[in-house]
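Inspection log for the structure reproduced underneath, given as structure tokens.
No lab work stands behind these numbers, since they all come straight from the coordinates. Since we're looking at a predicted model, the values are computed, not measured. Note: ideal-geometry Cβ built from the backbone for every residue, glycine included; neighbour counts use all protein chains shown.
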Amino acid sequence: MVPNIRKVGVIGAGQMGNGIAHVCSLAGFDVMLNDVSPDNIKAGLATINGNMARQVSKEAITDADRKAALARIVQATTLDALADCDLVVETATEREDVKRKIFGDLCASLKAEAIVATNTSSISITRLAASTDRPERFIGIHFMNPVPVMELVEIIRGIATSDTTFEASKTFVKSLHKTIAVSEDFPAFIVNRILLPMINEAVYTLYEGVGNVEAIDTAMRLGAHHPMGPLELADFIGLDTCLSVMQVLHEGLADSKYRPCPLLVKYVEAGWLGRKTQRGFYDYRGEKPVPTR
């Protein structure tokens, strides 16, 4: 564990938040898991338990490890409950106004020396830091999804992030047995700067009728040896998240090559956001996924 980081707060108990709580608790940190909905916290804890049970069955951890890790996670129904955390990681929806509101409420009760991190996949760290009372103790710690499985974490400094915060964050991430990629504070950082335009191009390829969903995903799985086709991956990420990252890239870099595909916009407007809504580029309501185009 990191000498000055013992207790970690996680804001958001969804896919990313429960994954971060999972790896932190297994690494020996005390975790306060927060969400706007107590039901979401309970669902997050159930997911963590299920994922850890899977690790036990694969002999990656022992059942004693699982029980000890679960005992380290405490439900935090208010942001005030995070007051004595040494590090708080925010994993709310990818909307700047939502994140700014959370940071305003959080910093009002957080101890002065605590570090605040955001798991944003695309938004400016410098701009988010400026909305807090501690820009020098603010940093981007971007985990990949699913957190317990993916080895990489991007660390992004804002213009005001101190060396102390940067070094403490690196030590913290290494203690989770993750590999670090340090990124400059540019829209979408490294992974999504490369990945999301590829997904957007796959949607354009579908939109223009170059290939159907099945052909595009098969081509990239077998032709480029990707473990998942780009449209299947988009459904896994969430089409709303894909669209918001493309919008950040398009607005932040002012280059037409980042223009979100109109078909991606249409799917999001229809509420077809991928796996989480049971429909996206595939329909997940039956026994096996069926392409929707």
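Summary of computed values
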{"item": "For segment 6-18, Karplus couplings with θ = phi - 60° (6.51, -1.76, 1.60), whole Hz, Gly/Pro x", "result": "10, 10, 10, x, 10, 9, x, 9, x, 3, 6, x, 5"}
{"item": "Ellipsoid equivalent to segment 1-143 - semi-axes via the Cα gyration tensor, in Å", "result": "26, 15, 14"}
{"item": "Burial ordering of Ser109, Ser244, fewest other beta-carbon atoms within 10 Å first", "result": "Ser109, Ser244"}
{"item": "Segment 192-291: relative contact order in percent, alpha carbon pairs under 8 Å with at least 6 residues between", "result": "26 percent"}
{"item": "Beta bridge orientation in the chain: antiparallel %, DSSP, nearest 5", "result": "25 percent"}
{"item": "Net lengthening on full extension, Thr218/Arg6 (0.36 nm per residue, minus Cα-Cα)", "result": "71.8 nm"}
{"item": "The chain: Cα Rg divided by the 2.2 N^0.38 Å rule of thumb", "result": "1.01"}
{"item": "Computed E for Lys266/Val290 - FRET, C-beta separation, R0 25 angstrom, nearest 0.05", "result": "0.85"}
{"item": "Table column - 3J(HN,Hα) (Hz), segment 116-125, Karplus curve with 6.51, -1.76, 1.60, x for Gly and Pro", "result": "10, 10, 10, 9, 3, 9, 7, 7, 4, 5"}
{"item": "Packing-based order for 226-236, 115-125, using average beta carbon neighbours within 10 Å, highest first", "result": "115-125, 226-236"}
{"item": "Sequence of Leu45, Leu196 once ranked by neighbouring C-beta atoms within 10 Å, starting from the fewest", "result": "Leu45, Leu196"}
{"item": "Length-normalised contact order for the chain - Cα pairs under 8 Å, 6+ apart - percent", "result": "13 percent"}
{"item": "Mean separation of Cα contacts under 8 Å (6+ apart) over length of segment 1-153, as relative contact order %", "result": "25 percent"}
{"item": "Amide hydrogen neighbours beyond the local backbone of Glu90, cut-off 5 Å, H modeled", "result": "Ile11, Ala117, Thr118, Asn119"}
{"item": "Ordering of 152-162, 57-67 by burial proxy (mean other Cβ atoms within 10 Å per residue, highest first)", "result": "152-162, 57-67"}
{"item": "Net charge over other residues, Cβ less than 12 angstrom from the Cβ of Ile61 (K, R count +1; D, E count -1)", "result": "+1"}
{"item": "Sorted by Cβ density within 10 Å, fewest first, the residues His22, His225, His177, His142", "result": "His225, His177, His142, His22"}
{"item": "Shape category assigned to segment 192-291 from the gyration tensor of Cα positions, a/c cut at 1.5", "result": "oblate"}
{"item": "Hz values of 3J(HN,Hα) by residue in segment 205-210 - Karplus curve (6.51, -1.76, 1.60), Gly and Pro given as x", "result": "4, 6, 4, 7, x, 5"}
{"item": "Cα principal axis extents for segment 112-216, largest first, Å", "result": "55, 30, 17"}
